[in-house]
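Heads up: the structure comes next, in structure tokens.
The values are calculated or read from the model by the stated rules, or taken from the named source; none is laboratory data. Everything numeric in this text was worked out from a predicted model, so none of it was measured. Note that each Cβ is placed from the backbone with ideal geometry, even for glycine, and that neighbours are counted across all protein chains shown.
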Amino acid sequence: MPFFAYRAIDQTGRTTKGTLSAVNDVDLELRLKRMGLDLVTLNEQAREYAPQGRERVTRRDLVTFCIHMRYITRAGIPLLEGLRDLRDSMEKRGFRDVLTALLEDLEGGKVLSQALSAHPAVFGAVFVHSVRAGEQTGLLDEVFERLGESLKWQEEVAARAKRLMIYPAMVLVVVGIAILFLMIYLVPQVLQLVQTMGVALPLPTLILMAVSNALRSYWLIGLALLLLAGIGLPLWARRTEAGRLWWDRTQLRLPIVGPVMQKIVLARFTNTLAMMYRSGVTVLDALRAGEMVAGNRVIADGIRRAAQQIADGRGLSESFQSLALFPPLVIRMLRVGETTGALDEALDNVTFFYNREVLDSIENGLRVLEPLLTAVLGLILGVILVSVLLPVYDLIGNLPL
């Protein structure tokens, strides 16, 4: 069903814009009429609508949706009535249009999971699978509660992970600019002055002069190569399978950051696995969904191999142990859960373990990275300054008293 970008007016004469799915322009006008709007202009869009820019549906919007859905399902409020209330109170146009499309599908006879699956850019496979399992088991309120908690945890981890990545990037940029200023402007002037005095230059100073001259002579080529690497490498890593695999493997091998990234990926996977298993989804389906949300092809490939082993009859703990991705404590917890028949509790314990590990690892990574980065960059600046000052000290020492 195509989407239409429309401009309409409400009963007060105020203009509103949005995007809505409809069979054709007549169907669009009827849908807008039911919303209390009169169609003015329309423009057909792509077959699948993904809100972009400021209208993009964020994780926080989905948390709000889950909280609202949990309340209305727990209170026994009719689904259509609850969704209409949420749509009418939603200020963000993009999500309001998605909710309108959901209402139209529900009124047309679809169940909630079917309506959600029509918007994969907003509601992912994990979300849809969990809701479908909740519909089948009659535990939809619990499913929305777990989805909301999972999304809130992901939001917190994403915010902390950004702190881990932003600080080094800012320090590198600032210190890099300072180093370039020293090498291109200040160092040549000082060394030129020293050379006119006829002082023999030590080896560190000669090396510094060679680097400075190369930067001044070939800065345009260096800038072009830097731009090429900064644009071409991300494009290659984003658009080719080999590039994506290389980038995912490289992230896991980075010092300090790599182990933290691996724990974040595994925490996201175990969180999804535990949530879906408790919602009534089978282990294999939950593993397939966890593979999709892992976000790292190296680990996703390992999860795929584990799922294949489980499908062949091996146990969950035994299959995970063969991956060599999980620590022994996690394997023991899963083995105990399988033995006692309380796998759901074991998965919850694994989720708690990784949630704590991720948050602690990010904080510890920041504590280690900040002084380490400061020390390394300070050492580079110190080498530059010492190389500049060595001939100056020789010059001062040769002055007659």
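For the stretch 207-222, filtering for residues that are in a helix (DSSP H, G or I) and either under 12 Å from Leu180 (Cβ atoms) or of a type in the set (Ser, Thr, Tyr) (or both) leaves 7.
Looking only at the stretch 80-107, count every residue that is of a type in the set (D, E, K, R) and touching a residue at least 40 places away in the same chain (Cβ under 8 Å) and tell me the total.
4
The criterion of at least 1 residues that are among the basic types (Lys, Arg) is met, among helices (runs of 4 or more DSSP H) falling completely within the stretch 76-153, by 79-89, 93-107, 125-137. Candidates Leu325, Leu373: the one that is assigned to a helix (DSSP H, G or I), out of contact with any Lys or Arg (no Cβ under 7 Å at 6 or more places or on another chain) and in the same structural domain as Leu172 (by TED's automatic domain parsing) is Leu373. Residues considered: Arg74, Arg54, Arg70, Arg60. Of these, the only one that is of a type outside the set (S, T, N, Q) and modelled with pLDDT under 85 is Arg54. Within the stretch 275-290, does at least one residue satisfy the condition of being of a type in the set (Asp, Glu), touching a residue at least 40 places away in the same chain (Cβ under 8 Å), in a helix (DSSP H, G or I) and surrounded by fewer than 20 Cβ atoms within 10 Å (Cβ to Cβ)? Scanning the stretch 275-290, I find at least one residue that is of a type in the set (Asp, Glu), touching a residue at least 40 places away in the same chain (Cβ under 8 Å), in a helix (DSSP H, G or I) and surrounded by fewer than 20 Cβ atoms within 10 Å (Cβ to Cβ), so the answer is yes.
Every residue, every condition in (1) surrounded by 16 or more Cβ atoms within 10 Å (Cβ to Cβ); (2) in contact (Cβ under 8 Å) with a residue 60 or more places away in the chain; (3) assigned by TED's automatic domain parsing to the domain that holds Glu29, yes or no:
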position	(1), (2), (3)
Phe65	yes, no, no
Pro78	no, no, no
Lys110	no, no, no
Ser117	yes, no, no
Phe127	yes, yes, no
Val131	yes, no, no
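Considering the stretch 246-272, and only residues there that are part of a helix (DSSP H, G or I) and free of Cβ contacts under 8 Å to residues at least 12 places away in the same chain, the residue that is farthest from Trp236 (Cα to Cα) turns out to be Gly258.
The set of residues in the stretch 294-316 that are part of a helix (DSSP H, G or I) and crowded, with 21+ Cβ neighbours inside 10 Å comprises Ile299, Gly302, Ile303, Ala306, Leu316.
Evaluation of Val173 against the conditions (1) modelled with pLDDT of 80 or more; (2) under 19 Å from the mean Cα position of the chain (by Cα) shows that the sole unmet condition is (2). When the stretch 342-382 is examined, which residues are found to be over 30 Å from Gly315 (Cβ atoms), of a type outside the set (A, V, I, L, M) and crowded, with 16+ Cβ neighbours inside 10 Å? Answer for the stretch 342-382, where residues must be over 30 Å from Gly315 (Cβ atoms), of a type outside the set (A, V, I, L, M) and crowded, with 16+ Cβ neighbours inside 10 Å: just Gly365.
The requirement of being farther than 28 Å from Pro371 by Cα, crowded, with 16+ Cβ neighbours inside 10 Å and in contact with an Asp or Glu (Cβ under 9 Å, 6 or more places away or on another chain) is fulfilled nowhere in the stretch 156-171; no residue meets it.
How many of the residues in the stretch 196-206 are surrounded by 14 or more Cβ atoms within 10 Å (Cβ to Cβ) and either modelled with pLDDT under 80 or not in a helix (DSSP H, G or I) (or both)? The total comes to 3.
Here are some residues: Leu390, Leu381, Leu372, Leu325. Which one is within 30 Å of Arg278 (Cα to Cα) and in contact (Cβ under 8 Å) with a residue 24 or more places away in the chain? Selected residue: Leu325, the only one of Leu390, Leu381, Leu372, Leu325 that is within 30 Å of Arg278 (Cα to Cα) and in contact (Cβ under 8 Å) with a residue 24 or more places away in the chain. Checked against (1) at negative phi; (2) surrounded by fewer than 22 Cβ atoms within 10 Å (Cβ to Cβ), Leu102 passes all but condition (2).
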